[in-house]
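Asks: Submitted below is the structure of interest, expressed as structure tokens.
The values are calculated or read from the model by the stated rules, or taken from the named source; none is laboratory data. Since this is a predicted model, take the numbers as computed values, not measurements. Backbone-built Cβ (ideal geometry, glycine too); neighbour counts: all protein chains shown.
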Amino acid sequence: MKTSRTFRFLSLVAVLLPSFAAFAEEPALSRGQALYLPIYSHVWHGDIQDRYPLKSQVSALVSIRNTDAQLPIRILSARYYDTAGKMLKEYLPSPKTIPPMATHELYVEKKEAAGGSGANFIIQWDAGAPANLPVVEAVHADIQGHRTFAFVTTARPVRLEH
């Protein structure tokens, strides 16, 4: 009976230990990276009628948040691409410094239909010293009267050169 309890305890420790170790790890720091952020200029929904489902245009508020309490970060570029991978626009004509704990926003208007449902941003940033990674998200919305449609996409790091 004691052996059975000991085995169960050790099994539980073996399962939980990696989880506890993840909490103990320090957050990653970086001097910069490229981030891929999915953007939807429209969303297909509903049933197919006349060969296509319904399409709703949405706006997207891109939020680039410096999570470092001590160091500024610099946004080098924010390139907007369409579903086919064609670059449509550079949203930052020159680098933008984001102070510690501050946020910079970009806005993709609802009327911007060229991006399509597979549009995206490639956002490149750097810092003078290793800094906390920024949080980069896009809030997509279509608000009409009492009907609200909203969702969030989150950026992830990518390599631009192999």
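Asks: Any residue at all in region 90-113 that is crowded, with 20+ Cβ neighbours inside 10 Å and under 14 Å from residue 33 (Cβ atoms)?
Replies: No, region 90-113 contains no residue that is crowded, with 20+ Cβ neighbours inside 10 Å and under 14 Å from residue 33 (Cβ atoms).
Asks: Condition (residue is at pLDDT 90 or above, in contact with a Ser or Thr (Cβ under 6 Å, 6 or more places away or on another chain) and acidic (Asp, Glu)) applied to region 63-82: is it met by at least one residue?
Replies: no
Asks: Just give me the residues in region 143-162 being hydrophobic (A, V, I, L, M, F, W, C) and part of a loop (DSSP other than H, G, I, E, B), in sequence order.
Replies: Passing the criteria: 155, 160.
Asks: I've got another one for you. Tally the residues that are free of Cβ contacts under 8 Å to residues at least 60 places away in the same chain and within 19 Å of residue 31 (Cα to Cα), restricting the search to region 71-93.
Replies: 6
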